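The values are calculated or read from the model by the stated rules, or taken from the named source; none is laboratory data. Given the structure is predicted, the values throughout are model-derived calculations rather than measurements. In this analysis, Cβ positions are derived from the backbone assuming ideal geometry, glycine residues included, and neighbour counts consider all displayed protein chains.
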Amino acid sequence: MFANDSFEVNIPFQFQTETNSIQVQLQELEISRLDTELPDCKITFAISSEEYRRCEEREYLYLDPKTSQTSFPEEFDLEKPFDLEAILRRDLVSALLAGVEDFEEYDRSPARSIVRFLQYLMTENSTSPFLSEASWGITAIRQAIPLPDAPDESGVKMGITTTLGQHLEQTAKDTNIQQQEQKTLALGEEGGIYAVMEAFFQEEELDYQPIPNEGAIVLSIPGEEGEWMCYCEAFEEEEYCRIYSVFPEQTPPERRNEMAEFITRVNPRLTIGNFEMRYESGEVRFRTAIDVEGDRFSIPLMRQLFAGNVITMERHFRAIGLVLNNLVSPKKALLLCYEEEG
C-alpha cells in the first residue's frame, strides 16, 4: 500500500450540518500512513471569513469559539478568507477506503479516488458521515500574509495549530516513541547492539556493508568537503557501541607532529567524542562511543551517536586536509573550523 498520497484540487465542497451546509473550496486531500493501523485522511480548504465565523460560533468542525480572539497572530485579517486543515475521524478512514477501492486509478492514487468519491456523494445529496462536519476536525488555521513592499503581492502563510492538532501531534509522537521502544526490545532480544545498528541504517535507507561475524558495519560518507569511510562496531559482551569516521588520507611522517598539535587544539572544544591519530600509520579518525551496560541500546541513541560523529568529521574535514598537506598551521586550521563563532 501507499505510504502516503496527496491530490491537489480546486473544487467546491460542502460539509453538512444538522440544518444546512458549510460552503468551502477544497484545495488538497492527503492520505498518509496507509501501512499502519491508524491512517490519516487530511484535507486543506479555503473558507470565507463569514463562513469561518459561523463555524466558530456554532463550534462546527470542532472549532473553539474563542480561537480568533485569543490565538490568531496580529497580522491576521479577520475579514479575509482562511485556509483550514482538517482531519477525518480515524474510525471512519477504513470505511472510506473501502468505499473507494473500486474507483478507477485507486491503486495509483487513493487520494484522487477519495476526492472523486466525495464529489459523487455530494451530487447524490448523500447523508454520508464522510460529508458531516462532525466527522472532521480542524487541526490548523492559516492565512496568506502579504510581504511588505513585495511588487507581486506575494506573501507567506501564517497561522496556528489548534488544540486538536496539538493533541494529535503529541499522540503521534508518543506512539512513535512507544513503537521505537518496542522495536528496540525486539531487536535486543534478536541480536543485541548489532541488530539495532543495522535496523538504524535500514530505517535511514543508507547503503552499508554488514560484517556480522565481526559485529561491524561499514559505509561511505559523501560529505560536502570530501568522502570518507565510517566504521560502526558492536561489542555485545562489553555492551557498548563505537563509531569511527576515518580521514581518507594518511598523514605523512613529516606532518604527524603538526597533525597531533591540531588534534590537541581541537579536542578540548568537543563535547562528545574525540579525534585521534595512529602515529605508526598517520591515520586520523574521529571516535564516538556509548556504553549501555545495565540499559539498552536503541535506534534513537544510534541516530544521535552516528549523526554527531558524521557532523563533527564534516566540520573538521577541510582543516585536516590543509594541515596534512602543509597548507596552514594547526592554529590557523583551528580558526578555520570555528571562524563563524568568532
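Summary table below
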{"read-out": "Single residue of the range 52-81 satisfying the filter (in contact (Cβ under 8 Å) with a residue 60 or more places away in the chain, of a type in the set (A, V, I, L, M, F, W, C) and out of contact with any Asp or Glu (no Cβ under 9 Å at 6 or more places or on another chain)) that is nearest to Leu168 (Cα to Cα)", "value": "Phe72"}
{"read-out": "Scope the range 212-248; condition out of contact with any helix residue (DSSP H, G or I) (no Cβ under 6 Å at 6 or more places or on another chain), among the charged types (D, E, K, R) and touching a residue at least 60 places away in the same chain (Cβ under 8 Å); matching residues", "value": "Glu224"}
{"read-out": "Failed item in (1) more than 21 Å from Val196 (Cβ to Cβ); (2) not in a helix (DSSP H, G or I), with Ile272 passing the rest", "value": "(1)"}
{"read-out": "Verdict on Thr17 being over 15 Å from Thr139 (Cβ atoms), over 22 Å from the mean Cα position of the chain (by Cα) and among the β-branched types (Val, Ile, Thr)", "value": "yes"}
{"read-out": "Selected residue (only one of Leu305, Leu301, Leu334, Leu322 is part of a helix (DSSP H, G or I), more than 20 Å from Met229 (Cβ to Cβ) and within 31 Å of the chain's Cα centre (by Cα))", "value": "Leu301"}
{"read-out": "Members of the range 196-232 found to be surrounded by fewer than 17 Cβ atoms within 10 Å (Cβ to Cβ), farther than 19 Å from Glu314 by Cα and in contact with a Leu (Cβ under 9 Å, 6 or more places away or on another chain), listed by number", "value": "Gln209"}
{"read-out": "Flag if Thr127 is at pLDDT 85 or above, hydroxyl-bearing (Ser, Thr, Tyr), surrounded by 15 or more Cβ atoms within 10 Å (Cβ to Cβ) and closer than 30 Å to Arg54 by Cβ", "value": "no"}
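This table checks each residue for (1) closer than 30 Å to Ser48 by Cα; (2) of a type in the set (Phe, Trp, Tyr); (3) at pLDDT 65 or above; (4) not in a helix (DSSP H, G or I).
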position	(1), (2), (3), (4)
Ile145	yes, no, yes, yes
Pro148	yes, no, no, yes
Asp152	yes, no, no, yes
Met158	yes, no, yes, yes
Leu164	yes, no, yes, no
Ile177	no, no, no, no
Gln180	no, no, no, no
Gly192	no, no, yes, no
Phe200	no, yes, yes, no
